[in-house]
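Structure first, commentary second.
The values are calculated or read from the model by the stated rules, or taken from the named source; none is laboratory data. Source: prediction; values computed, not measured. Virtual Cβ from ideal backbone geometry, glycine too; neighbours counted across all protein chains shown.
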Amino acid sequence: MTHLVSAEAMGAGRLNLKLSGSFYRQSKAFPTSPSANSQITTATAALAYGMNDYMDFFLAASAFNLRNGSVSGYNGSGLGTTVLGLQSGVPLALQVPAKLGIQIATLYGTSKNPLNSYGMDGYNYLETRTAPDVLLRLSQSLILSNMFKAHLNEGMLSSFQPGKQDALIGAAGLEFLPTSFLTLGVEANWRTFRTHPRLSDPLWITPSLTYSSPMAMGFQAGADISVARDRSTSPSRSLEPWRAFGSFTCSFNTLAGRKRLAAEKARRDSLEREALLEKVRRAEELRDSLTRQTALVDYLQAEQARRDSIRNATAAQEPSTMQQRTAPEQQLLSTGALLLDNCYFETGKTTVSINSKPYLNLIARMLTKYPKLRIEVAGHTDDVGGLNYNMNLSRLRAEAVMLYMTSVAPELRLTLTSQGYGPTKPWISNRTEEGRKYNRRTELRVLNKEMLQEYK
C-alpha cells in the first residue's frame with residue numbers, strides 16, 4: 001500500500017530499499033503557505049530490515065523542492081523529515097487469516113522550514129516539520145483470499161513543537177492481487193487534530209498500481225485525490241486537490257533470508273525428486289507388467305508339470321509311501337514353500353473362516369511329521385489401501401493361521417512362526433484385479449531348507 005501500513009512482517013533477514021517521490025501544484029494561495037500554482041516535489045529514501053519473523057526496523061529520509069512559492073519569497077530545496085522506528089507483528093498461527101501489528105516511530109524535521117510556517121499546521125506536508133514528533137500506530141490486516149487483502153490503521157501523531165496540536169490519524173484500504181507480480185490498491189486516509197477537530201485534513205482517496213518484477217524489484221504509481229470540501233475559512237489551510245507519486249523498491253535477501261529460501265528450495269526439490277522417482281517407478285512397473293504376467297504363466301505351468309512329475313513318481317512307490325506323501329507334502333518338501341490356497345478370510349477381517357479350518361487341520365497334522373523343519377506362516381496383501389494398514393492386516397492374518405494350527409497340533413509351537421509382508425512381495429503387478437487376487441495369499445516357507453534333504 002501507499003500510506004497504509006500492513007500488519008504482516010517482512011520476515012527474518014529481509015532487507016528492502018525504497019525510493020519514492022511526489023509532485024503536486026498548489027491550487028490556491030493561503031496565508032503562510034505556498035502561492036497558487038506553486039510546484040512542490042518531494043523525494044524519500046527508505047530502508048527496512050526484518051530483525052526476526054515478527055519485528056522490522058525502518059529508517060526513512062526525505063527532501064523537497066519548491067518552485068513559484070511566495071512564503072517569505074522562498075524558492076529552492078531543503079531537507080524534510082527523517083523517520084526512525086520499529087514495527088512488530090503479533091505472533092499468530094499461520095492458518096489464522098487476521099494479522100495484528102503495532103508501530104512506533106520518531107519523526108525528526110528541519111528547523112525554519114517554510115512549508116511549516118503555520119504552527120498548528122504542517123500535517124499536509126508530512127515530509128517536513130520543525131520539531132520531533134512521535135508516531136504510535138496500530139495495524140490490522142485480513143487475508144480474505146489469495147487475491148484480496150484488507151488493511152486498517154489507527155494511531156496518533158504527538159508533536160514536541162510548541163503550538164502544534166496532536167493529530168489522530170486513520171486509514172483503510174483494500175489490495176487486489178490478480179497475478180503474482182501485479183497489485184491494485186485503493187485506500188482512504190484522514191487526519192484530525194485531537195483538540196481542534198475543525199482543523200482536520202480532508203479525506204484523501206489513494207488509488208495505486210504496483211508491479212513486482214521477478215528480480216526482487218518493484219515499481220509503484222498512484223495519486224492522492226481530495227474528496228472533501230475546501231477549508232478556506234479561518235484559520236486558513238493549504239489544500240491541494242491532487243498529488244501524483246511514484247516509487248521504486250528493491251528487495252534483498254540477507255544471510256537469514258537466503259537460508260530460509262535455500263530450505264524452501266530444498267523442500268521443493270525434494271518433492272520434485274520424489275514425484276520424478278514415483279513416475280519412474282510407475283513407468284518401470286508398467287513396462288514390466290507383461291513380463292511378470294508371462295513369468296506367472298510360466299511358473300504355473302512349471303508347477304503343474306512338477307506336480308504331474310511328483311504324482312507319476314509317487315505312483316511307482318510303495319503304497320505306504322504314497323499314502324504318507326500327499327500333494328501338499330510333496331510340494332513343501334520339494335520347493336520349501338506351500339501356498340495355502342484353501343485358507344480364506346472375510347474382507348478386512350483377520351479371523352480364520354470356518355470353511356478354512358478342515359484344510360488347516362490337514363496341513364497342521366502334516367507338519368507334525370517334520371519336527372526338524374522351521375516353518376514361517378507368511379501373510380501377503382495387494383496394494384489397495386495404505387501401507388501401514390496392509391502390513392498390519394497381513395501380520396494379523398498370518399498370526400491367526402499360526403495360532404489355529406498350533407491349537408490343532410500344540411507341538412507345532414516349537415517350529416512355527418508368523419510374519420506379515422503386506423504388499424511388499426507381490427507375485428505380479430497389482431494393476432489388474434487378476435494380479436491383486438494372486439498377491440492376496442497366505443503361504444508356508446521353510447526357513448532351514450538344508451533340512452529338507454533329510455526328509456526326501
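Here is how the numbers come out for the structure above:
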{"quantity": "Members of the stretch 151-196 found to be surrounded by fewer than 14 Cβ atoms within 10 Å (Cβ to Cβ) and basic (Lys, Arg), listed by number", "calculated": "194"}
{"quantity": "Residue identified as modelled with pLDDT of 90 or more, hydrophobic (A, V, I, L, M, F, W, C) and in contact with an Asp or Glu (Cβ under 8 Å, 6 or more places away or on another chain) among 403, 444", "calculated": "444"}
{"quantity": "Every residue from the stretch 198-215 that is at pLDDT below 65 and either part of a loop (DSSP other than H, G, I, E, B) or within 27 Å of residue 179 (Cβ to Cβ) (or both)", "calculated": "200, 201, 202, 214, 215"}
{"quantity": "Scan of the stretch 2-25 for residues that are closer than 16 Å to residue 101 by Cβ and in contact with a Gly (Cβ under 6 Å, 6 or more places away or on another chain), ordered by number", "calculated": "4, 7, 9, 10, 11, 12, 14"}
{"quantity": "Every residue from the stretch 358-415 that is in contact with a strand residue (DSSP E or B) (Cβ under 8 Å, 6 or more places away or on another chain), assigned to a loop (DSSP other than H, G, I, E, B) and within 14 Å of residue 442 (Cα to Cα)", "calculated": "381"}
